[in-house]
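Chemist: This is the structure I want to talk about, given as structure tokens.
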Amino acid sequence: MKDEMSTGLGKVNIYKNVIASIASIATVEIEGVLKIGSSFKSIVYELLGKKNNTAGITVNFDKNGSVTIDVPVVIKYGFNLPEVAGRIQENIKSSVERTTDVMVKDINVDIQSVER
């Protein structure tokens, strides 16, 4: 559920939802992104009336402490899908690594829909 690092003063724990929040913010900053898509988990949260800032984004740590991030998105009509997806990947990688010092292994962008 979390990545643990040590400093000279103790431990620092970074939970998956923190990285997912950073990825969410980095995603919606990209021109052409209409919104973060949904996953089964996010739909359940919504039905239960719980707030979920990370929407459908999932984060998984590997044995080495690096992360794989899956991001479902809805893209605005008229934008080049591969270009927008590439900018999403670059912005997430930069934001997560700069903010947390956690290495990003993979960022999988799942384009769920195109809308006006």
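The values are calculated or read from the model by the stated rules, or taken from the named source; none is laboratory data. Since we're looking at a predicted model, the values are computed, not measured. Areas reflect the complete protein model, heavy atoms only, side chains present, ligands, DNA and RNA absent. Shrake-Rupley method; radii C 1.70, N 1.55, O 1.52, S 1.80 Å.
Chemist: Among the residues of region 5-41, what is the count of those that are of a type in the set (Gly, Ala, Ser), at pLDDT 95 or above and not in a helix (DSSP H, G or I)?
Modeler: Looking only at that region, the number is 1.
Chemist: Any idea which residue in region 42-89 is nearest to Thr27 (Cα to Cα), counting only those that are part of a helix (DSSP H, G or I), at pLDDT 95 or above and open to solvent by less than 80 Å² (accessible area, probe 1.4 Å)? Talk me through it step by step, then tell me what you get.
Modeler: We begin by selecting, within region 42-89, every residue part of a helix (DSSP H, G or I); these are 42-47, 81-89.
Retained after the next criterion (residues that are at pLDDT 95 or above): 81-89.
The next check asks that each one be open to solvent by less than 80 Å² (accessible area, probe 1.4 Å); those that pass are 81, 84-86, 88-89.
Values: Leu81: 14, Val84: 10, Ala85: 9, Gly86: 11, Ile88: 5, Gln89: 8 Å.
Of everything passing the filter in region 42-89, Ile88 is nearest to Thr27 (Cα to Cα).
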